[in-house]
Amino acid sequence: MSKNLDLKITGNPFIDAGIFALKGMLDKSINNITIEDIENEAKFISKLYLNDAWNTNMYSIFPNSSLVNNAIKGNRSEKYFNDLKSEIENIQDIQDEGSCMGCGRRNSVNVFGKSTIPLTGSGSLKNYFSFANEGADYCSLCVILTQFSPLLMYACGGKFILLHSDSELVMSLWAKKTIQNVDNQIALKNYTGCCNDGITRPVNAIFEIIIKVISSSDLWGDENPSLNFYYFTNYNREPYLEIYTLPMEVFNFLVDIPLEDKHNWNFILKKGYQRVKWDKKETFNKD
């Protein structure tokens, strides 16, 4: 098998988030990510996700997985990594077409439920799956990529926001922000889980994410991105999904605001936020 995986954007928010998480961690182009890279980073997340705050997040992202299943005896981090390694060993070469629901470029080798692929059904609820299967058809690579998606998630109000865009620039900048957050947690030995600014309303949090992305670059040029924000929880008892869309016209308006007017725009934007404890926030100047 070729070491180069020839990764391509799929349009699936969880898979694409995993791709850009790897890109951010490895600081290399998507096309150059290898199986060896994925195995090395799989070892990393197998340890990261077992830290208390991250592990709490996992109950609402990958419920019943080996990360959170207390019935598993022994080292859960090791068990999770072995699960990932098993999928890595099953990664196939790309084809002209395939049965995977994620990429369509490889064949599925198994069926998977919500413990592995967020917001699918559980094995006993076959009406959630095609042909009354006991899971969704995904190839091993897409399953692995999905496991990296929490690194790009933003915690908000007991749920999570996952940004997805057709712009590689937007996705790369957001991944850089969230991976830096992870690096800071490691450096400070203060593990706080998915990116979290203490915002509890999703609309407020979405504007926070947009501000972080826009302020990360002034090289927007002819970029005309559309952005979708998936506000969700995959928690067993009450799964939930709401999708917010930001048209490219709105994004471009925000980009075009002159730098010297950013303070005034932030003041206007702040007026629209609700129930935010500003004394605990550093996003807006207080003068």
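Confirm whether Y138 is under 24 Å from P63 (Cα atoms), in contact with a His (Cβ under 8 Å, 6 or more places away or on another chain) and buried (at least 16 other Cβ atoms within 10 Å of the Cβ). Judged against the criteria, Y138 is not a match.
Please verify whether region 200-216 includes one or more residues that are among the aromatic types (F, W, Y), at pLDDT below 95 and surrounded by fewer than 18 Cβ atoms within 10 Å (Cβ to Cβ). No, the conditions are met nowhere in region 200-216.
Only residues that are among the aliphatic types (A, V, I, L, M) and part of a helix (DSSP H, G or I) were counted in region 55-69, giving 1.
Y49 falls short on exactly one of the conditions (1) in contact with a helix residue (DSSP H, G or I) (Cβ under 6 Å, 6 or more places away or on another chain); (2) surrounded by fewer than 13 Cβ atoms within 10 Å (Cβ to Cβ); (3) of a type outside the set (K, R), and that condition is (2). Determine, yes or no, whether N12 is surrounded by 15 or more Cβ atoms within 10 Å (Cβ to Cβ) and in contact (Cβ under 8 Å) with a residue 24 or more places away in the chain. Yes. When you check N252 against the structure, is it out of contact with any Leu (no Cβ under 9 Å at 6 or more places or on another chain), at pLDDT below 95, assigned to a helix (DSSP H, G or I) and farther than 30 Å from K114 by Cβ, yes or no? The answer is yes for N252. Scanning region 92-103 for residues that are surrounded by 16 or more Cβ atoms within 10 Å (Cβ to Cβ) and closer than 20 Å to P118 by Cα returns C100, M101, G102, C103.
The values are calculated or read from the model by the stated rules, or taken from the named source; none is laboratory data. For clarity, every value in this text was computed on a predicted model and none was experimentally measured. Don't worry about glycine lacking a Cβ; one is built from the backbone with ideal geometry, like all the others, and counts go over all protein chains shown.
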